[in-house]
1. Show me, bin by bin at 20 Å from 0, the whole-percent P(r) of the chain based on Cα pairs.
2. Plugging the Kirkwood radius over Cα pairs into Stokes-Einstein for the range 1-104, at a temperature of 4 °C and a viscosity of 1.567 mPa s, what D comes out in µm²/s?
3. Return the long-range amide H neighbours of residue 374 (sequence gap of 5 or more, or a different chain), with a cut-off of under 5 Å between placed amide H atoms.
4. Working from Cα positions, state the angle (0 to 90°, nearest 10) between the long axis of helix 38-54 and the longest principal axis of the chain.
5. With a point put 7 Å past each Cα toward its Cβ, work out how far residue 341 is from residue 355 in nm, to one decimal.
6. Work through the residues other than residue 185 whose Cβ is under 10 Å from its Cβ and net out their charges, Lys, Arg +1 and Asp, Glu -1.
7. From the helices alone, meaning DSSP H stretches of at least four residues, give me the mean residue ellipticity at 222 nm for the chain, per-run term -39500 (n - 2.57), in deg cm²/dmol to the nearest 500.
8. From a point 7 Å beyond the Cα of residue 515 in the direction of its Cβ, which residues of the range 483-508 have a backbone N at a distance under 17 Å?
Amino acid sequence: METLHFAEIIASQAKKYGEKAAFQHRRNITDEWTALSWNDFSSKVFSLAKALYELGVKEGDRVGQFSNNMVENMISDYALFANRAVVVPMYATSTAAQIEFIINDSGIELLFVGDQGQFDIAMEVKARSSVLKTVVVYDDEVKVSGEGVIRFEEMLKNGKLSNHHFEVQQRQQAATEDDLACILYTSGTTGNPKGVMLPHSCLDEAVRVHRIRIPEMTDQDTSIAFLPMSHVFERMWCYLCVANGVTVYINLRPIEVSETIKQVRPTMMCAVPRFWEKVYSAVQENIAKMPPSKQGIVTWALAVGKEYNIDTLRLGKKPGLGLSMKYKIADKLIYSKVKKTVGIDNARLFPVAGARLSDDINIFFRSMGVPIAYGYGLTETTATVSFFPPVGYEFGTVGEIIPDLEVKTGVDNEILVKGRTVFSGYYKNPEANAAAFTEDGFFRTGDAGFVRNGCIVLTDRLKDLFKTSYGKYIAPQEIETRLVLDKFIEQVAVIGDEKPYVTAIIHPAIPLVEEFAKKAKIKFESTEELLAHPQIYELIMQSILKRQEGMAPYELIKKFAMIASPFSIQSGELTNTLKLKRPIVAQRYKLLIDEMYAK
């Protein structure tokens, strides 16, 4: 199937699908879903494209987006593509300083914003910036003030009345695959973010190879845009859905996804491992409350599911009649009820990437027939490098390399990638570009690992690897992934670079710890007092020992400190993609860390 240039694809899809819903959206969780048909989508895209032309947006201009997930994001994207302009998405959780850096770095004169908070930050930046001239507001409930502000609906009306359709069509027809489509700024665990330049050739190639690898995706599928659209994973997934006629339900606030998924019951949805970790913890908590007889049925059902889905179907074998009958019974008794409770009973493909996913969680859901497709990718590779195929996937890997992408290992076992989905460079950053590529043109991912049978096995982020003062290398993510599987541990940061042994800063699952305390008759007036209690320390220590079974002695956590408040984006310990900023954690909790190493 040929992929039209993104500058022209929407009009073509409208001719094909007409009044079928391209998107479903809403402002509040209590609202009914509102459909945006392909015809209306196309009309709004072209109206906005003309309005942008009227505003003076030129070919190659960078235009910013600072918003939660909204249908207006997608309208803006394709209107910008129609003008051969460049979209620069920004995370909805970004601070004024982060927004100001991106605006100044990429020379953004026009910025789309979502809600009141984002508008206020934009106007604060606009007052200081010599670059930003115009702010366009998506949400009609935002109280606007100041000069250079336009409401999105007003833009659409202006565009509808505009007679610049011929000029926009000329731009559309002149668009090439070499045009720059997006600049996505990496959230970065250290230093300023870098602007990843993705030309249309990267987007086109990503759509092409995913159609090869996901032939089951059809225009009858439904998806939820849950991850931030500023994240390359969700953005490319939405572009793929648009190219294949999939109806996308846009989840405005991430916190609402558990309710949204129950309402929509999508056939497909991409997510990060944290989503599945939380679902897994909730299911395990419910299982723990069951009477022993019911727990026995669950154990039996999971064993049957593993034999059916993993030991048989995964290997391309046909299940026997007896196994098939047992699986049907297990599905009726257990799997179907769990999936219906979560809202994943219609699941056909659930890609997951962005961080390490525990094999235990993967096997658990796969055993129940939940089609998780674990994968790996980066912003610089237009998301996907590899992911699980339907048959033959291997646990312990991040899946099979996508078609026509070269992958090899370099110095320190670094994963190196070359292909048409690899970015063209960092915006206005020659030093970073020189460091990012090898002499033979391979992109240096910064991830350590190796290739086995066409699949990638990751060992860790090279930047995250640290060495103890005894010369032992530690992969902190491996330890952290194990520990957060425990119901009493919500977040963990492993410490140990140039230290004699490994320690950790832990934020416990406070509600469950409080529940334990009440049962144990532990009295406390505050969370801090509770976490200081010896029994709670022992509880978490036992959880750590259980989760670290089988690990090398030098990898074991010898001491830990508990914190009452979680790591967060707002407090600076997490990036916008929820990755740990280790230098910030080390600095902020220096006293606690020093205490753990005091003689």
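1. 18, 52, 27, 2
2. Working: Rh = 15.0 Å.
Reported coefficient: 86 µm²/s.
3. Under 5 Å from the amide H of residue 374 lie the amide H atoms of 352, 388, each far enough along the sequence or on another chain.
4. Between helix and principal axis, roughly 60 degrees.
5. That separation, rounded to one decimal, is 2.3 nm.
6. Residues close to residue 185 contribute a combined charge of 0.
7. About -11500 deg cm²/dmol.
8. Of the residues in the range 483-508, 485-491, 508 have backbone N under 17 Å from the label point off residue 515.
The values are calculated or read from the model by the stated rules, or taken from the named source; none is laboratory data. Because the structure is predicted, anything quoted here is derived from the model rather than measured. Cβ: placed from backbone, ideal geometry, glycine included. Neighbour counts: every protein chain shown. Note: areas computed on protein heavy atoms with side chains; ligands, DNA, RNA excluded. Shrake-Rupley method; radii C 1.70, N 1.55, O 1.52, S 1.80 Å.
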